[in-house]
Amino acid sequence: NAGSKVRYGIPFTREKREIELTGEAYLEVVKNEKSPFLVKTSNAFVEVLGTGFNVKAYPDMQNIEVALKEGKVKFSFPGENRKRKYCELKVDDYLQFQKSSKKVDVDNTDIEKYIAWHNNILVLDDTPMREVARLLEQWYGVKVILKGSEILNYKFTTTFDDEPLFRV
């Protein structure tokens with residue numbers, strides 16, 4: 001997604017299928033029992049066992065989010081005494097990991113709104129205006145200014161399907 005970076009070693013081999021993600025990416029990974037696919041973020045790891053999923057891990061956000069469309073993934077993060085904690089996701093699971101408290105919440109839900117961006121669809125579902133502004137800045141590469149504190153109390157619900165900025 002916009003403003004995201006993916007780093008990987010060259011050559012990208014089947015023995016070590018590992019990438020570093022800053023931002024958001026939707027990935028479809030071919031299953032390989034001998035070589036799991038690993039997505040590293042600044043605060044956590046997502047081990048992929050053949051699947052379609054979304055990872056959102058922007059450095060300026062308080063949460064890391066994972067939405068699983070198909071297959072299976074394992075989410076892990078360093079716990080106390082550097083011991084890793086794991087959470088395995090199933091289809092239609094949406095995980096939110098709070099970086100500061102290291103709290104994990106998983107809901108089994110309709111995940112389409114979390115992965116629609118990769119089809120140029122922006123879904124806002126009871127989204128607070130501060131988050132709407134951040135998403136529009138990221139999506140269109142513009143600066144959004146919210147004037148007045150009252151607007152921060154509003155939430156917005158709509159879907160933009162490949163809409164130009166002037167229509168939004």
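The values are calculated or read from the model by the stated rules, or taken from the named source; none is laboratory data. If you're wondering where the values come from, they're calculated on a predicted model, not measured in any experiment. Glycine also receives a Cβ, built like all others from the backbone with ideal geometry; neighbour counts cover every protein chain displayed. Heads up: the accessible areas ignore ligands, DNA and RNA and are worked out on the full protein's heavy atoms, side chains in. Shrake-Rupley method; radii C 1.70, N 1.55, O 1.52, S 1.80 Å.
In segment 1-26, the residues that are closer than 14 Å to residue 54 by Cα and assigned to a strand (DSSP E or B) form Cβ pairs under 6 Å with partners that are open to solvent by less than 40 Å² (accessible area, probe 1.4 Å) and of a type in the set (Lys, Arg), at six or more places apart or across chains, as follows: 24/56.
Considered as a group, the residues in segment 59-73 that are among the charged types (D, E, K, R) and buried (at least 16 other Cβ atoms within 10 Å of the Cβ) include one that is nearest to residue 45 (Cα to Cα), and that residue is 65. Among the candidates 51, 41, the residue that is at pLDDT below 85, crowded, with 17+ Cβ neighbours inside 10 Å, under 20 Å from residue 89 (Cβ atoms) and not small (Gly, Ala, Ser) is uniquely 51.
With respect to the conditions (1) modelled with pLDDT under 95; (2) out of contact with any Ser or Thr (no Cβ under 6 Å at 6 or more places or on another chain); (3) more than 23 Å from residue 136 (Cα to Cα); (4) surrounded by 15 or more Cβ atoms within 10 Å (Cβ to Cβ), residue 27 lacks only one, and its number is (3). In the set (1) of a type in the set (Lys, Arg); (2) closer than 30 Å to residue 51 by Cα; (3) without any contact (Cβ under 8 Å) to a residue 40 or more places away in the chain; (4) in contact with a strand residue (DSSP E or B) (Cβ under 7 Å, 6 or more places away or on another chain), residue 155 fails one condition alone, (2). For segment 27-41, the set of residues classified as under 13 Å from the mean Cα position of the chain (by Cα) and not in a strand (DSSP E or B) consists of 41 only. Among the conditions (1) surrounded by fewer than 16 Cβ atoms within 10 Å (Cβ to Cβ); (2) assigned to a strand (DSSP E or B), residue 144 misses just one, which is (2). In segment 1-16, of all residues being modelled with pLDDT of 90 or more and closer than 16 Å to residue 37 by Cβ, the one that is most open to solvent (accessible area, probe 1.4 Å) corresponds to 7. Scanning segment 84-139 for residues that are surrounded by fewer than 16 Cβ atoms within 10 Å (Cβ to Cβ) and assigned to a helix (DSSP H, G or I) gives 112, 118, 119, 130, 131, 137.
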